[in-house]
Every structure is written in C-alpha cells, then in structure tokens.
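The values are calculated or read from the model by the stated rules, or taken from the named source; none is laboratory data. Fair warning: this is a prediction, and the values are worked out from it, not measured in the lab. Cβ sites come from the backbone with ideal geometry, for glycine too, and all protein chains shown count toward neighbours.
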C-alpha cells in the first residue's frame, strides 16, 4: 500500500457556535490516489476541504500531514504540501491566464516561463495563455485554475467542483488528466463534485457525505446495489431511483403501451429510452400498435419514419387524440 | 514572455521613459517662472558655476518645489496603488476615500486646540507635530473604512462611504474655520487647495525617507499584494497571511497620505489616477512591475499638474483645481468604459 500523506482522525468541523456541520470523520489520504468527494448541496464539502488546510478551526479531532499535526506547519509550509482551488470569486483585474497561473509558483525557479508553458501544454490550453483571465468562459477558467494548482507541485491537491462548468468531453478530459497526474507524480487528489453521473462511470472509489453528514468510503456501485443513493441525494416527490441505470430520474405517469419488433438491441434500447419520456409502459390499456425497427427506418402502422424525432412527433399526435 | 508574477522585480522599459519625461518636465519647471532661466544656466548652477542670484532662485525656490512635487506625487501614487489592491477596487485613492480630509481635520483640530490651550504654533501646517496629527487622522479614516468595507462589501459603496467621510470631516473643518481667526482661515484655505511650494528642505527629507521605506516595504510584500488582490482565501491557500499584508498596507498608506497632506495639503486624484495609467499601459496586475512604475508615474503627473497650475495657465490656478479638472472626468470616463455595474 502506498504512503499515507494525510491522516484525519475523529474530525468534527463547523462554523462559530453552531454545532458541527460534519462529525466523526476518519479518513486516510494516500499518495497516488485520485478520489472524488460527493455529497448533497450545502452539506459542507468546501468547509471540510478548508478545514483540512487549517483555514477553519476544527471542533474536535486531529489532522495529520505526514505524521505531524497541520497546525504545526506554517502557512507557507502548508502551501508547499497542499494546493487547493476553492470556488471563491477571484478578482483578477487585467491579469492574463499566464500571470494567474504563475501566482501558483511558490519558490524562485530557474526558468519559470518554461514551467508555465509545460502546464499549459499538459492541459492542452495554449490558446488561453495570453487571454485576460476574467474574460474567459467559466469552463476555460476551470482549466486555468487547474494549471495554477498543478504548478504548485504539491503532494496533496484539493479541488472544489473543478468540473462544474465543463461539457461532457471536458469532464472526461479532466478526469483522465487528474488520474494520470496522480500516477506520474504520486500526488493525492481529493475532488469535490456534484456530478454523480460522471463520477460513477469513471471512479472505482469515492468518498460520500450523506444527508446526515456521515462520511463513507466506498465504490459507487455499492450505493446503487444497496439502493442508498437517496441517502445522499434526497428523492423529490416526483423523482425515483432507477437501479438499472444508477440514476435518479423523473417519475412519469404511464399512459400508453406498444409492441416493438426488432433484432437490433441498441436501437431498441434507445427507442425505449425515448418512449419512456412520453409515458410508455410495458402494460397499459392504451395500445398504440407495433413499431418495427429496420436497418434504415422505423415503421408504425405502415408509416415510415427516418428518425426517432419524427416517430415521437407522430406518437405525440396519436396521444393527443386519445 | 511579457509579464510574470515570479518573485523578482522586473522594471518595465516604460519606467525609463517615465524617468526621462520627469527629467524633461523638471527642466521646464526649473527654467520657467517670473524670471526665465535658460537651460545652459541651469546646468551652470548645478555644476556650481552659476551666479549667486540664479543659485538662490533655483536652490531656495524652484528646486524644493520641484522635489516636493516629485516626491509627494510618488508617495500619493504608491498610496493609491496599495489602497486599490487592499480594497480590490480600481477607484480607490487617498483623496477619493476621504483619507486626506481625515488628516486635514486632525491637523486643523491640532492647531486650533493648540491655540485655545495657549500654545502658539507657527501656522505653517508642517513639522513633526502636524505629521503626527495628520497620521492620526488618516489612520482613523482607514480604520473606519476597513471596518465598514468588511461589513458592507461593494466597490461603489466603498467610494460612497469615502465620500461621506470626506463630507463629515469637511463639516467638522468648517466648524473649526468658523471659530478661527481670519488670518488663520486664509492660511488654512490656501493649504486646503493643495500646493507644492511651502515645503522646506527638512520636511522634504522626511518625505523622501518615508517614501523610500514605503517603496522598499511594498516591494518586499509584492507577492503578497499580488495574492491578496486576487482574494483572501486564495492568498491563504498559497501560504500568505492576508492579515499581515493588510496591516503593513494600512501603516504604509496612512503614513504616506499623512505626510503628503501635512506638507502639501490634500492633493486630489494623483493617488487614484497614477496606478490606473500604469495598469492600462503595462496591462498587468503584477505589483513587482506596478510599484516602481506607479511611483515614477505619480511623480510625473504631479510635476505636470504643478506646471499647468503655475506656469502654463495664464493665472496661478490652485493645484487641486487643475487636478480636479483632469481627475473628475477621468473617473467618469473610467466608470462608463468599465460599466459601473461590474464594480457595484
């Protein structure tokens, strides 16, 4: 097993005289691990991350960084072990991305320009280098903020919602960059996220904070199999947990059924995916007929449709006549 | 690479251009006046070969005034830059935030109180005791601004509060003026219009000393300034304690404003405009570059304004009138260009 870089024992954190937000946290952060931290909105993920750096006084317990309590490190020493990017608003004025990234360089470096270029290349964001930071899009900013964190070259990295503004391909790119980074440098990355759908696809282990503020370390699949996803993300009155997809989705009143004839399972899957949103159920008294799936088209009662879109328009008008 | 924030001081070439312009404007200032002195004669005076009359005019009248303009302009500009960083507000400055007025009030209070206690101060609004009174004033205003800015964040609100503080101390000053004797009032009013020509050599030494120390200290904390400019938690996460930096800034800015105010009166807008010009020209927020450049720019703007106020315009226009005529439209243009909403 790799080395423990941070040992958190029996930690409770919170603000002011109000009771602790998070209680009894016991976690070991290992070198070379990239682990997402999931939890409902407002449960205290950011508070937790801030407390690990010593920015918030803890109520109880201990935080050890390489065997020594975090309080015994000076701010400067902490910054040389832990880099973090919080989702606070940044006042960057006329700063370019490059200048912003260079703020992360802690010590005098022989060739800072080269170092900066290296990280812009690593994240493949060279085109952002000379742009003014506050004129970037939200997604672009996340990349520049990540470069700023990585250039600090620390053993531990805390990221707060780095994927919040990224599109799907951006999310995949960030996850692959971060997991490569842990392999290359042996760094430990803790990343808070709201994006359950992405995380469950890519992460083997996750930290979760449930609605009661209890910490757990597990695989996302466990949450699905034990049907406990709703202990983390509360189910609304019109939402439900779908255990075959591992997602929370909208409850839709079943209003019709139809038969599907097909030998193409993928097309069948996505056709059902579309039908489900219209109120399709396996058994219902409203029977609309048979959809036959062919190579090039869908056929419903002798009418041919090239796309699911056209077919859904037709079904919608059929439903309106009911 | 053009700019970077790494821990080294990079002096931009604009800085040298600025120095050159300062030199040119200085020569013009020295040569013009009631008696015109030619450039060659100025050179003779500086090499020790000038006539005793010219020596007197240059060394006793024009040079002190020129140096006062240079150093107070530089001090105000540095003060403005630090305030803008401290409050993360591009429109902050010692005059706009009412810091000058706070100083002015304490200085006038000091003098009036001294009189009523029977102590006969020479009413020249300078010397060590007025610096202290002035400093108390600037620190008080800074402390109030700091407390309020924590409670009500907002960039325009800060300026409004500065304005109100200015009015408040202005009102108090008016009460003092109403109570004072006519001779004193005249001295006070001339002082309050701002001027570079009443400063003695010994006062200049104090000013240079404070400016020198402040510039060094600012360069010393430049990395911290770069970081607190971006954000408080941000700077902590990079190992800088924002409180330490802010206390140093508080001391430096209040000192700089106090010294200039007590020697030259409240000089408007130089502190706010100079850092702006530098930012716009260099297109950077890097204090390692901004500090030296802003200091030079402040000196340049002050000489220019002084030159305008005393020689170029047909009648001796008060310095603050010149600065007000230049500064106020600048602020309005700036606000319009940057859309005021983004600063609220």
Criterion: surrounded by fewer than 21 Cβ atoms within 10 Å (Cβ to Cβ) and assigned to a helix (DSSP H, G or I) - qualifying residue of B:158, B:163
B:163
Only one of (1) closer than 23 Å to residue B:239 by Cα; (2) within 13 Å of chain B (Cβ to nearest Cβ); (3) outside any loop (DSSP other than H, G, I, E, B) does not apply to residue A:146, and that is (2)
Scan of the stretch A:67-88 for residues that are surrounded by 14 or more Cβ atoms within 10 Å (Cβ to Cβ), more than 7 Å from chain B (Cβ to nearest Cβ) and touching a strand residue (DSSP E or B) at 6+ places or on another chain (Cβ under 8 Å), ordered by number:
A:70, A:73, A:81, A:82, A:83, A:85, A:87
Over 26 Å from residue B:29 (Cβ atoms) and more than 14 Å from chain A (Cβ to nearest Cβ), is that true of residue B:323?
no
Output the number of residues of the stretch A:48-58 satisfying the condition of being within 13 Å of residue A:8 (Cα to Cα) and more than 7 Å from chain B (Cβ to nearest Cβ).
6
For residue A:2, are the conditions met, namely being more than 9 Å from chain B (Cβ to nearest Cβ), more than 30 Å from residue A:132 (Cα to Cα) and not in a strand (DSSP E or B)?
yes
What residue, among those in the stretch A:112-130 that are within 12 Å of chain B (Cβ to nearest Cβ) and either more than 23 Å from the chain's Cα centre (by Cα) or closer than 20 Å to residue A:93 by Cβ (or both), is surrounded by the fewest Cβ atoms within 10 Å (Cβ to Cβ)?
A:114
Flag for residue B:262 being assigned to a helix (DSSP H, G or I), away from chain A (no Cβ under 14 Å), over 25 Å from residue A:154 (Cβ atoms) and at pLDDT below 90
yes
Picking from A:96, A:92, A:109, which residue would you name as being under 20 Å from residue B:222 (Cα atoms), at pLDDT below 85 and facing another protein chain (nearest Cβ under 9 Å)?
A:109
Does the stretch A:36-66 hold any residues that are under 22 Å from residue A:197 (Cβ atoms) and either outside the structural domain of residue A:214 (by TED's automatic domain parsing) or out of contact with any strand residue (DSSP E or B) (no Cβ under 6 Å at 6 or more places or on another chain) (or both), and which are they?
A:40, A:41, A:42
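Determine whether residue B:93 is within 30 Å of residue B:333 (Cα to Cα), modelled with pLDDT of 85 or more and assigned to a helix (DSSP H, G or I).
Against the criterion (within 30 Å of residue B:333 (Cα to Cα), modelled with pLDDT of 85 or more and assigned to a helix (DSSP H, G or I)), residue B:93 does not qualify.
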